[in-house]
Amino acid sequence: MLKLLPWAVLLCGAVGTSVAQASHEAFSRNGKCVSQDRTYTTSKAVLRGDDTGLQTPLGALEESANQDVPSPHLEIQPLIISGPFINRVDLVFFSDGYTVDEKDKFIEDAMRLADDISGNQTFNTVKPLMNFWAAFSPSEESGVGKDGKPNKTPFGLYRDGTELRAVYYAYPEVAAAACESMGQQCDYPILLGNDPLYGGLGGKFTVITSSILNGPQILRHELGHSIIPVGEEYDGGFAYFGVNAYHDLSEPVPWAHWLSASSSEHDLDSEKQTPKVERSIMPMQTYPWTLLNTSTSWSTRFVSSGTFSRHLVRFSLSGLPSKTDLKVELDDVDLSWKPKVGLGVDRWHYDVHLDRGLEGGEHELRFTLLNKEREGIAQLCSAEILEFGDENEFNSTPGHYGVFPTFSDTNETSYRPTNEDCLMRIVTTPNFCKVCLEGLWHALLSRVNLIDGVSESCHQDHGSTKVLNASLVPLAQLRADADAATTLAALDESYTITWTKDGKVLEEGTNKTTVEVPSGKWKVGDKVVLDVKFSTKEVKVDKEGHLEDQLEYVLVESC
Ligand SMILES: *[C@@H]1O[C@H](CO)[C@@H](O)[C@H](O)[C@H]1NC(C)=O
Ligand SMILES: *[C@@H]1O[C@H](CO)[C@@H](O)[C@H](O)[C@H]1NC(C)=O
Ligand SMILES: *[C@@H]1O[C@H](CO)[C@@H](O)[C@H](O)[C@H]1NC(C)=O
Ligand SMILES: *[C@@H]1O[C@H](CO)[C@@H](O)[C@H](O)[C@H]1NC(C)=O
Ligand SMILES: *[C@@H]1O[C@H](CO)[C@@H](O)[C@H](O)[C@H]1NC(C)=O
Ligand SMILES: [Zn+2]
């Protein structure tokens, strides 16, 4: 049942509808059950690169959309709620592969994911702009389908074969109906599959699994694509766009205001008048997504120019829980690979940094499966070699903002802001870089009004004094969570609040959420204007004024 939260009775002058109305509307449109016996059409994304898949084929949803498909019955529970859904960005977890008996597990899985990405990292500072909900519909069968066949579940999640990679949905029209039935309470639908291992898909519906290690990683990365929105920062992708992407060095650096002092304009390449680019090259990258066997090693060759002073071997694997399962060698030298502790057969990413240059000429990278029992499950997902100049040529210090080359699947170069500070590059990292984070604030604040609403009352003690009370999004001094003080101090957040009547500032109300209009100075129908401006260290530039809002409030009651 949708709980009526305390603010549900608040009239949201800023947005014009009451939450009570909106929630009633959202709720009354739910409640029908969907047949599980329909035939399904598989809509597959073309998978490239490392993402489990950013793209749903364009039009896939429209093609298969059946207007008459009802939403499955949804039992909606609040997970983390910061305010009225009509004025928040709402993320909703939908259950797939959870039976009636697994409802509690679904709520726990969804809560764990919501906590992980907003508790102390990733979306933590913007949490007051977001709500997280869980919408449960029972499945007849537990788990996600395999070998291209969905189980009897509402959205029909399944893997192709058994490989740990993409998880597709068979019934996008049902997912669309479920989200639509919630109206403004559903901005970003997340289909959560009841499966402990790696897998997912980006696009209109973010698909993830309940994998403890990989679920949160895929979720926050895909949400970066869909909410900010930005493309990749890792190599080997094909979509590089948004605030974190820079393509033409003759243009100004898009994140000039975030550049570290040593990379700022003083450091322009003096002849070309272009910014200093950190020196690195990618001589080899591949996404084999291949099962390994003990009879033949998997290997690849590449050529180094021999002109760099450091290199990195980066790869990802799944189905390899023990260090005696696999040998990874570069030019016959064992790189002493060890699996992440506690990983089991799930997927993980590994980096081997080598603080010396590769010699000019041909090299070989080789993966040898040692344990025959792992055949059929041991998988090499991706492998890459990167070469770097020395620290003067390539600043690898965490927190350094500059111009770093990124190499696409066709080896086209674009540029990103940091070496490895962003989860759009390193999925195992929990945070966005500052450039993406600023983009996130803008994206969220373009959809959320800083003013939830204004209410009026009368103060009888002083004759008929009118009191106006503004509800603001709980940022700055209004933050209420446990570490509010720390966040506030670290981000130097503030709200500047101004109340104006008849062009005159009501001084007593400055920087306060309530203001008194003295008796005799007002009548029903008078207008009071509220201006609110928010500032935070995480946003340096606000060209479109997303951090400012205004509400004109008309007095409706006499005292
Ligand atoms: C956030 O909490 C998780 C789980 O408690 C922990 O693993 C992680 O290191 C924390 N992250 C930060 C940035 O403190
Ligand atoms: C990418 O291009 C650079 C030259 O711009 C070259 O040195 C490098 O080997 C290429 N990498 C691949 C994987 O083709
Ligand atoms: C074993 O792995 C090698 C390298 O990936 C591959 O070429 C070969 O086809 C595989 N053999 C079998 C029987 O799968
Ligand atoms: C203003 O409204 C909020 C709820 O939005 C309430 O918690 C607070 O007590 C009110 N303040 C006054 C002075 O009425
Ligand atoms: C209101 O708050 C803003 C932000 O903290 C501050 O700059 C301003 O001086 C304050 N105004 C008054 C009158 O205190
Ligand atoms: Zn970034």
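The values are calculated or read from the model by the stated rules, or taken from the named source; none is laboratory data. These numbers were taken from a predicted model, which means no experiment stands behind them. Glycine also receives a Cβ, built like all others from the backbone with ideal geometry; neighbour counts cover every protein chain displayed. Calculation scope for accessible area: heavy atoms of the full protein, side chains included, ligands and nucleic acids excluded. Shrake-Rupley method; radii C 1.70, N 1.55, O 1.52, S 1.80 Å.
General remarks:
- Stokes-Einstein D (µm²/s) once Rh is taken as the Kirkwood radius of region 125-184 over alpha-carbon pairs, at 10 °C in 1.306 mPa s: 120
- For the chain, the 222 nm mean residue ellipticity estimated from helices alone, with every DSSP H stretch of n ≥ 4 adding -39500 (n - 2.57) and the total spread over all residues, rounds to -4000 deg cm²/dmol.
- Solvent exposure, largest accessible area first (probe 1.4 Å, DNA, RNA and ligands not counted), of 338, 466, 103: 338, 103, 466
- Taking 7 Å steps out from each Cα toward its Cβ at residue 505 and residue 335 produces label points 6.1 nm apart.
- Annotation: extensible slack from residue 121 through residue 531 equals 144.6 nm (criterion: 0.36 nm per residue apart, minus Cα-Cα distance).
- For the pair residue 250 and residue 112, label points projected 7 Å from Cα toward Cβ lie 5.3 nm apart.
- Placing unit charges on the Cβ atoms only, positive for Lys and Arg and negative for Asp and Glu, gives the chain a dipole magnitude near 920 debye about its Cα centre.
- Full extension of the chain segment joining residue 302 with residue 447 gains 47.4 nm, where the gain is 0.36 nm per residue of separation less the Cα-Cα distance.
- Our summary of shape: the Cα atoms of region 75-227 have principal axis extents of 41, 29, 27 Å, ordered from largest down, in whole angstrom.
- Heavy-atom accessible surface of the chain, averaged per residue, reaches 43 Å², computed with a 1.4 Å probe.
- Note on region 502-552: the alpha carbon radius of gyration divided by the globular reference 2.2 N^0.38 Å gives 1.46.
- Shape call, region 195-325: gyration tensor on alpha carbons, a/c limit 1.5: oblate
- Applying 0.36 nm per residue to the separation of residue 147 and residue 354 and subtracting their alpha-carbon distance, the gain on full extension is 70.5 nm.
- For the chain: rounded, prolate or oblate by the Cα gyration tensor [a/c cutoff 1.5]: oblate
- Set of lysines near residue 527 by C-alpha distance (under 28 Å), chain-local residues within fewer than 8 positions excluded: 466, 501, 504, 512
- DSSP bridge analysis restricted to the chain gives an antiparallel fraction near 80%, rounded to the nearest 5.
- Entry note, the chain: relative contact order of 13 percent, from Cα contacts under 8 Å with a spacing of 6+ residues.
- With every protein chain in place, the chain: carbon and sulfur % of accessible area (1.4 Å): 50
- Exposure ranking of 116, 147, 461 by accessible area [1.4 Å probe, largest first]: 461, 147, 116
- Spin-label pair residue 393-residue 273: with each label point 7 Å from Cα along the Cα-Cβ axis, the two points sit 2.7 nm from one another.
- Rolling a 1.4 Å probe over the protein chains gives residue 552 an accessible area of about 110 Å².
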